[in-house]
Structures are given as C-alpha cells and as structure tokens.
1. Hey, can you grab everything whose amide H is under 5 Å from the amide H of residue 67? Only 5+ residues off in sequence or another chain; H modelled, so Pro and N-termini drop out.
2. Report, to the nearest 10°, how far helix 50-59 tilts away from the longest principal axis of the Cα atoms in the chain, using its own Cα long axis and a range of 0 to 90°.
3. Would you mind telling me the share, in percent, of accessible area of the chain contributed by carbon and sulfur at probe 1.4 angstrom?
4. Read phi for every residue in region 99-105 and hand back ³J(HN,Hα) as whole Hz from Karplus 6.51 cos²θ - 1.76 cosθ + 1.60, θ = phi - 60°, with x for Gly and Pro.
5. If you rank 131, 12 by how much accessible surface each has, with a 1.4 Å probe, what is the order from largest down?
6. What residue among 95, 128, 63 shows peak mean-square fluctuation when the chain is described by a Gaussian network model with Cα springs under 10 Å?
7. Note the angle between two axes, namely the Cα long axis of helix 9-46 and the longest principal axis of the Cα atoms of the chain, as a number of degrees from 0 to 90, rounded to the nearest 10.
8. So with the 1.4 Å probe, I'd like the accessible area per residue for the chain, rounded to whole Å².
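The values are calculated or read from the model by the stated rules, or taken from the named source; none is laboratory data. Source: prediction; values computed, not measured. When the accessible area is computed, the model is the full protein with side chains, heavy atoms only, and any ligands, DNA or RNA have been set aside. Shrake-Rupley method; radii C 1.70, N 1.55, O 1.52, S 1.80 Å.
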Amino acid sequence: MPKPIRIRRRSVFLSLAFIVLIGAGIYAGYEIKFTREAKARAVALTMGDPDRGRDLTLRYGCAGCHTIPGVPGAQGNVGPTLQGIAARVYIGGVATNSPDTLIQWIENPRSIDPKTAMPMTGISRAEARDVAAYLYTLR
Ligand code: HEC
C-alpha cells in the first residue's frame, strides 16, 4: 500500500497567495507601462505637459463642468465627461478630433462652434496645450 500524499492546507494557501501576488505584480507592471506609453504619446501629439495640464483643469473651472478622471473633485455634469476623449472622433460633435483642434477648442470653443454652451475660460494657448496633453492621456 503506497502512503497517501498529504497536502497541507497551509501550503495550498501559500501557493495560491503566491500565484495571486505574481498576478498582481504582472498587472501592475502592465498598468505602469501603458500609463507611461499613453503619457509619451500625449506629449508627442500636443507638445504639452500633461501634469501641468491636470492642475490647470482645476484652475480654469473645467472640473466644475466636466467629469475628468484623475482630477480630484472633477465630477461636473454640465458638459460631457472627458474620459476617453482621446478615442472620440468629434469634439463638441462638430470638429474632427485632432491635437490642434482640441487645443483650439479648449482655448476658444466658440471659434469652432459659435452655438456651443461651453464658454471661453480665459486659458492661454500654451496652457490649453498642457490641458490637451493631459486629456489625451485619458483612456
Ligand atoms: C460652464 C461649463 C464649462 C466649462 C467651465 C468648461 N466646459 Fe468644456 N464643455 C462644456 C459643454 C456644455 C460642452 C459640450 C459642448 C458642445 O457639445 O457643444 C463642453 C465640451 C467640451 C469638450 C468636447 C467634449 C466632447 O465630448 O466633444 C472638451 C474637450 C471640453 N469641453 C474641455 C474643457 C476644458 C479643458 C475646460 C477648461 C479649460 C472646459 N471644457 C471648461 C461646458 C464647460
């Protein structure tokens, strides 16, 4: 009679914990890689600074009207959410989404659509470039 193999409950638990830990590590690694790539792409597209842009969305009231992922307290519902704006085909439903158009929209939306409800916020062109950089990092 061969001896029955005894698997200890503790070793099963430890193996599972180990597998979960490895999985979480791989996931975190990919998250960091994708975030870095999205940031590099946004910088290349706009030549702006996404970190500065994120802060500017608070200063110019964007966050009061829009929900913006990654910006604390930005849960406005006056305009559409800016989540996934990089993948949207049109800006304001009227102009093809490109870096230049987005920057222009942020600086002066009524120069693109005179009837839009979004006001000019007084943001400068250079600042709009930074904000566009941040918006293009959003997935
Ligand atoms: C007073 C409210 C208000 C403020 C402040 C505001 N927006 Fe808007 N925004 C809107 C509205 C309303 C729309 C929808 C306009 C339309 O479709 O014509 C809009 C549209 C947009 C769009 C196009 C979204 C899409 O899905 O097509 C972008 C991008 C945008 N806003 C960015 C910003 C940024 C960046 C700021 C800050 C500099 C800002 N907005 C400030 C109200 C606002």
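1. The answer is 76, 81, 82.
2. 60 degrees
3. Roughly 62 percent, rounded to a whole number.
4. For region 99-105, the Karplus-derived couplings read x, 4, 5, 5, 4, 5, 4 Hz, x marking Gly and Pro.
5. From most accessible down to least: 12, 131.
6. Per the Cα network of the chain with a 10 Å cutoff, 95 tops the list.
7. On a 0 to 90 degree scale, this one is about 20.
8. Heavy-atom SASA per residue in the chain reads 68 Å².
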